[in-house]
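Heads up, the thing below is written out as structure tokens.
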Amino acid sequence: MNLRTTLVACVALTLAFANPAIAQQSAPTFPTDDAVLRRIWAIGMDSSRVEQLAGTLFDSIGPRLTGTAIQRNAQDWLVSMYTRWGIDAKKEQFGTWRGWRRGPSHVDLISPRVRTLEATMVAFSPGTKGAPLVAGTIILPHFEDSTAFVRWLPQARGKLVLISAPPATCRPTSDWTQFGTPESRARLDSVRAERTREWGNPNVRGTGYSAALGGGALGLRLDKAGVAGVLTSRPKDALGTREIFETYNTRSPTLSLSCEDYGLVFRLTERGNNPRLRLDLDSRLLPEQPVFNTIATIPGTEKPDEYILLSAHFDSWDGSSGATDNGTGTLTMMEAMRILKQVYPRPKRTIRVGHWVAEENGLVGSKAYREDHPEVVAGLQAVFNNDNGTGRIVRLGATGFPNGDVHARQWLAKLPDVFRNQINYIGVGVPGTGGSDDFSFYCAGTPSFGLGSLNWNYGTETWHTDRDTYDKVVFEDLKMNATIAAMFAYLASEDPEKISRERVDLSVVADSIDRANAANPPAPGSPVRPPPLRAWPSCGLEAPRKTRPRL
Ligand SMILES: [Zn+2]
């Protein structure tokens, strides 16, 4: 290293340490004299590794779409990091999934004017086979029924078909609330409602087909009819954000366009300006590929057959980097394991982390793990799952396990004041009906605790969007989450008793919710309240061991 690079490196290092993102949290008050909890705090809050890990995982490796080589590379990195920390880790195959490789892509409007469009292939899209493709556009008309749709299909041959609603606005609703008149707001609401009715699944524009997440059965029918491509857009309620999912087309590329550029192409088409687009798309559809969960374990010494399971899905969609869905949950659990290995290397119970994949395809990896490991399910003391963005953990509940509630209260009472004050503990609670991997375990009756993150506009800004990137991560919050997860794992491991599997009587809970709702009816126009659960949720179908299309 020469002098200049040494200086540059020193400056970079100094800047890194001057970065307020890694400023130290002031010392907390601990309610007990437990030395392990103090050491967990010291390592988690004062010598955190989450920023370096995030840089590697989100920037250098990238999104972890199930069925891609990038996901497998990321899992090799995961295993290598655990190995470096002295923790036993392995990839465990549970099936196969369709494979795909994303290459470079470029999309331009070339007529009536030139503009490079904000557009990307949705996952598993075919490409243009080595040469740019130029094609005109056509808007999916409204049909009386699917027979009329099929009669129309020859007109779409060789065209790029717009199958999403034109945007009513590309401004977030908050702009309209702040600046709109009652009349402009009302008009927006009615246009949106009409477009959702007309263009929404499962019967897009009367075709009888659903566009599912990115093209769906409608895309496949267009593919079969010989269209040049499918244009879609799923904008979210925030500037510049859109959801990007997948297609099952095998011949015609499927693109996701930004709200603005989709609206532009839609209006040009509608006005008869005959827009033409040039697509240069490199991708490769591959046969079924092996898919793996990554499992890391610190073996228990006194009760090795009882398990604390840290849970966070590792896969992501690939419209951006999967930083908050679920990169942050991943790093929370990785870092918790790193901390535990240092301060609590010989736990009473076995502490295991499951970095599941194919969560985005229906909780497939975690479900398969539950099916393949009845011994772990039988020995589970507690599952801690984190999968709702970068925010600090502010909610905890016992998911409908009354004895879990008793234990959780004891653990909470031992946390430092900072964490006790920030966590809204909701008590016994009720189970959910899906949503993340803890479902795969509590549906089978194992005590589970969802670590609920503060919102940070997860739903509109980062969840499944083109903007889920490194810069959205709030590192102060992430450090706390790793520290909290490590503390809960330690406390659940040391707990003198195993948590019983008694479940709350959901019919009794539902009766009381119904009574409360009746006494406090929703205001007119407010969203309909879903009926409360009356029975414990079923685990549903077995995990698919090869691609199960979602059309
Ligand atoms: Zn997720």
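Things to note:
- Taking a ≥ b ≥ c as the square roots of the eigenvalues of the alpha-carbon gyration tensor, the range 424-495 is classed oblate because a/c is 1.5 or more while a/b is no larger than b/c.
- Converting the Cα gyration tensor eigenvalues of the range 314-433 into ellipsoid dimensions via √(5λ) gives semi-axes, longest first, of 23, 19, 17 Å.
- Evaluated at q = 0.05, 0.08, 0.09, 0.12 Å⁻¹: base-10 log I(q)/I(0), Debye formula over Cα of the chain: -0.23, -0.60, -0.75, -1.22
- Remark: 433, 469 ranked as 433, 469, counting other beta-carbon atoms within 10 Å and listing the fewest first.
- Whole-number percent relative contact order across the range 113-274, with pairs defined as alpha carbons under 8 Å at least 6 apart: 35
- Where only DSSP H runs of four or more residues are counted, the chain gives -11000 deg cm²/dmol as its mean residue ellipticity at 222 nm, each run worth -39500 (n - 2.57).
- Euclidean distance between Cα centres, the range 390-458 to the range 271-300, Å: 33
- Directionally averaged shadow of the range 411-546, computed from the convex hull of its alpha-carbon atoms, nm²: 12.6
- Global geometry of the range 480-532, whether rounded, prolate or oblate, following the gyration tensor of its Cα atoms and the 1.5 cut on a/c: oblate
- When you count the other C-beta atoms within 10 angstrom of each residue and take the mean per peptide, 197-203, 216-222, 237-243, 26-32 line up highest first as 216-222, 237-243, 197-203, 26-32.
- Structural descriptor for the range 93-199: relative contact order 18 percent, calculated from alpha carbon pairs under 8 angstrom and at least 6 residues apart.
- Each of the peptides 62-70, 50-58 was scored by the mean count of other Cβ atoms within 10 Å over its residues; in descending order, highest first, they stand as 62-70, 50-58.
- By average C-beta atoms within 10 angstrom, highest first, the peptides 530-536, 230-236, 158-164, 312-318: 312-318, 230-236, 158-164, 530-536
- Taking one quarter of the surface of the convex hull spanned by the alpha-carbon atoms of the range 62-155 gives a direction-averaged projected area of 10.9 nm².
- Tensor-based shape of the range 293-377 (alpha-carbon gyration tensor, a/c under 1.5 rounded, otherwise prolate or oblate): oblate
- Computed over the range 138-273, the P(r) curve from all C-alpha pair distances, binned at 10 Å from the origin, holds 12, 41, 33, 11, 2 percent per bin.
Each value in this text was obtained by applying a stated rule to the coordinates, not by laboratory testing. Source: prediction; values computed, not measured. Because the Cβ atoms are built from the backbone with ideal geometry, glycine has one as well, and the counts that use them run over all protein chains shown.
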